[in-house]
Amino acid sequence: MLRHDPPSSARFAAREVTPAPWRPVLQPRKGMTKHKQITDQIIADIDARILLPRARMPTHRDLARRLGVSVQTVSISYKEAERLGYLSGEIGRGTFVRNRITERADRFMLDRSADGTVDLSIIRAVYTEAHESASRSLMAELAESDNSAFMRPCRPIAGLDEHRAAAQSWLKRLSVEVDKDRILITNGAAHGLFLAVAAVVRPGEVVLTESLTDHGIIGLANVLGFTLRGLPTDREGILPEALDAACASGDVAAVVHIPSLGNPTGHVAGSERRRAIAAVARRRGIFVVEDEVYKPMLEERLPSSVELLPDHGFFVTSFTKSVMTGLRVGFLVVPAHYAMRVASILRVTSWSANNMAAEMAARWIADGTAEALIAIQRQEARARQAIVGEVLGPFVAGAHPLSLCAWLSVPDHWTEDGLIRALARKGIAATQSDPFIAGGERPAGGIRICLGGRLSQAALRSALETVRATFTQLPPLFDAGGTI
C-alpha cells in the first residue's frame, strides 16, 4: 500500500536563518546592467557564505530602497538567482537562500566509500549474483560474435533499425505502441529527458513539475535557462487543478513529471490521474514529458502521454533503474513531427547513443533476460520495502512496494541538516530534501533513503535500525560545526 503522509511544514519556519542584515555594495561596471550586478553579488555572497543557507533575503522593496534601484530591477535579479538555483521564493513568506549541495554533501553521494559508509543516498537497481552471471554471459557472447553490425556504423543518429525495433517491442509492455520512427535510442533516461526538454522549451519559459522531484530536471533548468516551478502533489503526483491554475499565467511551455514511482516520494499516478493531466495539457496547449525510468517496475498497464497526447507527449525510459544500473541505454518516444528536431539535438550532444549498450539491451529484450532481471528487482523491492515498514514505519511519509527508495519525515526535535550529520557520523549516508525541491513554495521536507545496490537485505536492515535509533535520540547541543 502506498504511504504518503507529508510531515508538518511548521518545522521549516523554525529552521529559518536570520543573520545580520545583508548590505550589498554595487560597484559601477561598464556595460553591465544593474540587475545583473545584483544577481552576481547575490551569487558571490552565497558562495562566500556571507549569505547562509535558508537566510531570508530582504524584500524587493527594501533592497530596492537600499540600492537606489527600482523594485522591478530587484525582482528580475531575484528571479535570475532563483533560476540558477541560489534562491527560492515561497509564497506568503518571502525569498530564501537555497541550501546548495556542498563538496561535503557530494562525498555522501558517491557509490562507494573507503571509510565503510553505508550509502543510502543514491537510487540504484539491486545487484544480485543473477545480474553478475547474466552480464558475464552476455559479454562472453559478444566477444564471440561478429560485431560489425553494431560496432562499425555511426548512423542513423536515432539508433540502428534493429535496436529501435527491439525498443519498440520493449515499449509495448509499458503501454507505449508507436511506430519505430518515433523512437530514439539514448544514453539513459537523463539524456532522453534533456533531448525532449531542449526540443520544446526555450530559455525564459516556464516548466512545471512536482514540488519534490528528481534533481535531474532541476539541473536542466540551470543548463537550459528555463524557470522551474513546483506544483502541489498527493499520493498520485501532481494535482490536475494545480496544473491548470499554474498554466493560467500563459508562460508555461511544458510539464515534466514522474508518473510512476516518483522520486523521492514513491507516488504512482493511476489511469484517471494520467488522463486528467493530459486533459489539462491539451486544453492549455502545453507539452507533457513523462520521465518513466521506473515504469518497467510496475505490473499494471497504465496509459502514457504519447497515447493520450500524440502531438504533445514525450515518453522517456531506460534500463538503469529496473534491469541493471550500469546498462545506460534509454528509449525516447517523441511526437512524429518532432523526430527530426530531436535527432538533430541528439547529433550535437553525442552524435548518437552507444551502439554497444543498445546491442546488449536488444539481446536481453529478445532472449527474455531483461524481463527476468526485472522480476528479481520487483521481488527485492517488495522485500526491502517490507523491512522499511517494519523498522521505520512511523517515520515513513512516502513509499511504494515496488519503489527503490522511501521518503521519511523528520522528527520534530531534529532538523534535516542535524539528522544528516548525525547519520553520517554513524556511517549512514542519506539525502535531505534540498536537492529535490523545485522552484516555488517550499513543500514539507524529509529525508530520502535508497534501498538498492549490492547491499544485502540483512545489511539494509542493520542500517535502517541505526537510522531508527538516531531518529529517536535527542540531538546533541553541539557538534564539530557548532550548535545544531
(request) Measure nothing but the geometry: give the 0 to 90° angle between the long axis through the Cα atoms of 129-143 and the longest principal axis through the Cα atoms of the chain, rounded to 10°. (result) 60
(request) Can you pull a Stokes-Einstein diffusion coefficient for the range 386-484 at 10 °C (1.306 mPa s), Rh from Kirkwood over Cα pairs, as a whole number of µm²/s? (result) 112
(request) Using the charge dipole of the chain (Lys, Arg: +1 at Cβ; Asp, Glu: -1 at Cβ; taken about the Cα centre), state which of ALA422, ALA458, GLY270 has its Cα farthest towards the positive end. (result) ALA422
(request) Sort MET340, MET324, MET32 by accessible area with a 1.4 Å probe, largest first. (result) MET340, MET32, MET324
(request) Evaluate the distance, in nm, between pseudo-label points positioned 7 Å from the Cα of ARG468 and of ASP40 along their respective Cα→Cβ axes. (result) 5.5
(request) May I ask which residue of PHE319, LEU302, ALA339 lies farthest towards the positive end of the charge dipole of the range 282-344, with charges of +1 (Lys, Arg) and -1 (Asp, Glu) on Cβ and the Cα centre as origin? (result) ALA339
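In debye, nearest 20, what is the charge dipole magnitude of the chain about its Cα centre with +1 on Lys and Arg Cβ and -1 on Asp and Glu Cβ, if you could check? Walk me through the numbers before you get to the answer.
Details: 58 positive and 52 negative charges, 298 e Å.
Roughly 1440 debye, rounded to the nearest 20.
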(request) Return one number: the angle in degrees, 0 to 90 and rounded to the nearest 10, between the long axis of the Cα atoms of helix 34-47 and the longest principal axis of the Cα atoms of the chain. (result) 80
(message) Strictly over 25 Å apart at the Cα level, which of LYS79/LYS321; LYS180/LYS295; LYS34/LYS79 would you flag in this model?
(response) LYS79/LYS321
(request) Report the full-extension gain for the segment ALA245 to GLU144: residue separation times 0.36 nm, less the Cα-Cα distance, to one decimal in nm. (result) 30.6 nm
(message) Among 400-411, 243-254, 201-212, how do they line up by average Cβ neighbours within 10 Å per residue, starting with the highest?
(response) 400-411, 201-212, 243-254
(request) Post the alpha-carbon centroid distance, the range 346-389 to the range 262-298, in whole angstrom. (result) 21
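Need one number: the % of Cα-Cα pairs in the range 279-324 sitting beyond the 12 Å mark. If you can, show how the numbers build up before the last one.
Working: 653 of 1035 pairs.
Counting pairs separated by more than 12 Å, the tail of P(r) holds 63 percent.
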(request) For ARG155 and HIS215, compute 0.36 nm times the residue count separating them, minus their Cα-Cα distance, and round to one decimal in nm. (result) 18.4 nm
(message) Between ARG461 and SER137, how high is the FRET efficiency from 1/(1 + (r/R0)^6) when r is the Cβ-Cβ distance and R₀ = 30 Å? Nearest 0.05.
(response) 0.45
(request) Output the antiparallel fraction of DSSP beta bridges having both residues in the chain, as a percent to the nearest 5. (result) 60
(request) For the range 250-310, restrict the atom set to alpha-carbon positions and state the Rg and Dmax in Å. (result) 11.6, 37
(message) Using only the alpha-carbon atoms, how far is helix 161-172 inclined from the longest principal axis of the chain? Give it as 0 to 90 degrees, nearest 10.
(response) 70
(request) Sort 352-359, 119-126 for me by packing, meaning the mean count of neighbouring Cβ atoms within 10 Å per residue, highest on top. (result) 119-126, 352-359
(message) Testing the spin-label approximation: label points 7 Å from Cα along Cα→Cβ at ARG61 and ARG301. State their distance in nm.
(response) 5.9
(message) Using Stokes-Einstein with the Kirkwood hydrodynamic radius over Cα pairs, what translational diffusion coefficient do you get for the chain at 4 °C and a viscosity of 1.567 mPa s, in µm²/s rounded to a whole number?
(response) 55
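The values are calculated or read from the model by the stated rules, or taken from the named source; none is laboratory data. Values in this document were obtained by computation on a predicted structure and should not be read as measured data. Note that we place each Cβ from the backbone using ideal geometry, even for glycine, and neighbour counts take in every protein chain shown. For accessibility, only protein heavy atoms count, side chains too; no ligands or nucleic acids. Shrake-Rupley method; radii C 1.70, N 1.55, O 1.52, S 1.80 Å.
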